[in-house]
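Only one structure is covered here, and it is reproduced in the block below.
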Amino acid sequence: MAAKMRKKSTARIRALMRRIGKAAKEAAGVLALASTTVKNKALREAATSLRRRRNEILSENARDMAAAEEQGLTAAMLDRLRLTNERLESTATGLDEIAELADPVGAVTAEWDRPNGLHIQRLRVPLGVIGIIFESRPNVTADAGGLCLKAGNAAILRGGSESFHSSQAIMESLSEGLKAAGLPAASIQLVPTRDRAAVGEMLTMTEFIDVIVPRGGKSLVERVSADSRVPLFKHLEGNCHSYVNKDADPEMARKVVVNAKMRRTGICGATEKLLIDRAAVKVMLKPILDDLIAAGCEVRGDAEARAADPRVKRATAADWDTEYLDSIIAVKVVSDVDEAIEHIARHGSNHTDGIITGNSEAAEKFLKRVDSAIVLVNASTQFADGGEFGMGAEIGISTGKLHARGPIGVEQLTSMKYVVRGDGQCRP
């Protein structure tokens with residue numbers, strides 16, 4: 001009986017996802033030809049709806065938060081799930097900013113003439129249908145839907161079960177925007193079930209979905225990477241480093257490191273590891289640790305860090321490879337910029353890493369040799385965000401190297417087409 005019920009449920013989910021996929025494919029054909037004016041109207045109307053329906057959305061989020069707290073989700077997960085007036089306004093502002101961006105569709109990125117008279121152009125075109133599988137953060141519903149729309153793509157969104165009601169409430173505002181602009185309702189679709197089988201179906205829908213973006217924890221990305229038949233833009237974990245060089249300004253180092261770790265501990269750009277030159281420990285380490293500990297951060301470290309401050313707990317080998325997403329940081333003392341770079345290469349996740357220094361030679365060496373999607377000098381790693389880059393928002397930060405790397409914004413959600421114009425040329 002149980003097997004029969006499972007089979008029936010699987011068939012139901014497969015039918016649901018195929019209907020969603022087919023509708024998205026049809027909508028993508030319309031979106032590819034939609035004018036900038038129409039797409040921008042949908043975005044601005046959706047932003048207006050988010051502001052108008054603020055109380056309703058926050059009420060649905062409170063419903064999700066209560067269930068998440070009852071289930072014992074971590075503080076980091078709860079922070080990712082929580083919506084506030086400020087965060088909701090930031091989400092609405094993000095949609096308005098996406099509307100202000102230049103439309104990438106049809107933009108000519110290069111053109112040239114051949115000796116035989118052929119005129120060749122390379123221009124941007126939509127990818128088609130984009131599937132986004134994400135956890136916790138309900139604002140991704142608006143960010144991802146808005147970016148896909150501006151780039152002329154249809155979107156299939158599958159949010160985490162913990163943000164189910166919040167994401168649905170935000171989706172209603174996106175739907176209002178689409179309707180006001182006269183665009184197909186299927187331009188942005190939120191999978192209306194918590195059944196995990198829906199994710200499995202998405203990963204096989206090669207006839208409908210052109211690319212999938214997994215945005216979440218390591219287990220989600222590993223599962224999607226192992227099972228997907230659809231190409232991926234991987235948003236992997238952020239084991240991010242802040243390195244304090246011996247030539248750093250002490251006050252700058254103190255300010256930047258504390259912000260990089262503690263502004264929001266549950267985001268992928270939060271610093272998880274502090275590297276500091278041995279020559280800087282005596283002057284710079286204790287003030288930084290004072291601020292971190294005062295802010296409620298647990299500090300773990302190697303033998304030299306513990307010798308410098310008895311409040312530092314012993315770091316294990318696993319600490320250097322761990323993304324905490326919590327008020328925890330691990331500290332390692334290094335001899336110089338070369339050892340810092342080597343440590344990041346061995347333990348980092350190619351996401352975001354920064355150096356704090358007044359030495360331009362050390363800064364340039366760090367920028368050139370650290371192989372991460374985002375590398376910073378004298379700035380907090382928490383700037384690893386598409387909105388902060390002027391992209392309006394992002395779907396995720398790709399740590400891979402094919403097609404897109406770093407924040408995935410509207411340009412990264414397009415591909416290329418070559419248009420060739422001739423007047424009767426034949427190849428000899």
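No lab work stands behind these numbers, since they all come straight from the coordinates. Since we're looking at a predicted model, the values are computed, not measured. Neighbour counts are summed over all protein chains in view; Cβ atoms, including those assigned to glycine, are modelled from backbone coordinates with ideal geometry.
Within the range 344-421, which chymotrypsin sites (Phe, Trp or Tyr not before Pro) sit in a loop by DSSP and count at most 10 neighbouring Cβ atoms inside 10 Å? Sites meeting the loop and neighbour criteria: none at all. Scaled to the globular estimate 2.2 N^0.38 Å, the Cα spread of the range 198-275, given as radius of gyration, is 1.58. Full extension of the chain between residue 420 and residue 401 gives 4.0 nm of extra length, using 0.36 nm per residue less the Cα-Cα distance.
Which value, in debye to the nearest 20, gives the size of the charge dipole of the chain about its Cα centre, when Lys and Arg are +1 and Asp and Glu are -1 at the Cβ? Walk me through the numbers on the way to the answer.
Numbers: 60 positive and 56 negative charges, 353 e Å.
With only Lys, Arg, Asp and Glu charged at Cβ, the dipole is about 1700 debye.
Karplus-based coupling profile of the range 312-321, in residue order and whole Hz: 7, 7, 5, 8, 9, 4, 5, 4, 5, 10, with θ = phi - 60° in 6.51 cos²θ - 1.76 cosθ + 1.60 and x standing for Gly or Pro.
Structure remark: mean-square fluctuation, Gaussian network model of the chain, C-alpha springs under 10 Å; the largest value among 348, 296, 152 belongs to 296.
Check each of the GluC sites (Glu not before Pro) in the range 202-271 and keep only those in coil by DSSP with at most 15 other C-beta atoms within 10 angstrom; list them in order. The qualifying sites are 207. Ordering 137, 14 by the number of other Cβ atoms within 10 Å of each residue's own Cβ, fewest first, gives 14, 137. Across the range 324-331, computed HN-Hα scalar couplings (Karplus, 6.51 cos²θ - 1.76 cosθ + 1.60, θ = phi - 60°) run 6, 6, 7, 7, 9, 9, 10, 10 Hz from first to last residue, x flagging Gly and Pro. Counting pairs of Cα atoms in the chain, how many percent are more than 31 Å apart? In whole percent, the long-distance tail amounts to 46.
Tell me the relative contact order for the range 302-428 as a rounded percent, counting alpha carbon contacts under 8 Å between residues six or more apart.
15
Treating r as the C-beta distance of residue 180 and residue 86 and R0 as 22 Å, the FRET efficiency rounds to 0.30. I need the shape label for the range 286-428. Rule: rounded when a/c is under 1.5, else prolate if a/b > b/c, else oblate, with a, b, c from the alpha carbon gyration tensor. Cα axes put the range 286-428 in the prolate bin. Proximity of backbone amide H atoms, modeled 1.01 Å from N, is registered between residue 386 and 394 at under 5 Å, excluding neighbours fewer than 5 places apart on the same chain. Using Cα springs under 10 Å in a Gaussian network model of the chain, which residue among 241, 119, 351 shows the largest mean-square fluctuation? Highest fluctuation of the listed residues: 119.
Please list, or write none, the aspartates and glutamates whose alpha carbon is within less than 13 Å of the alpha carbon of residue 179, excluding same-chain residues fewer than 8 places away. In chain and number order, the partners are 45.
Other residues lying with their Cβ under 12 Å from the Cβ of residue 28 contribute a combined charge of 0, Lys and Arg counting +1, Asp and Glu -1. In degrees, nearest 10, range 0 to 90: what is the angle between the Cα axis of helix 250-262 and the longest Cα principal axis of the chain? Orientation of helix 250-262: about 50 degrees from the principal axis.
Inter-label distance, residue 38 to residue 102: 2.3 nm, where each label sits 7 Å from its Cα along the C-beta direction. Would you mind ranking 140, 377 so that the residue whose beta carbon has the fewest other beta carbons within 10 Å leads the list? Going from least to most buried by this count: 377, 140. Taking the number of Cβ atoms within 10 Å of each Cβ as an exposure proxy, the fewest-first ranking of 403, 343 is 403, 343.
Given contacts defined as C-alpha pairs under 8 Å and at least six residues apart, what's the relative contact order of the range 61-167, whole-number percent? Don't skip to the answer; put the middle values down first.
Values: 143 pairs, mean separation 32.8, N = 107.
Answer for the range 61-167 is 31 percent.
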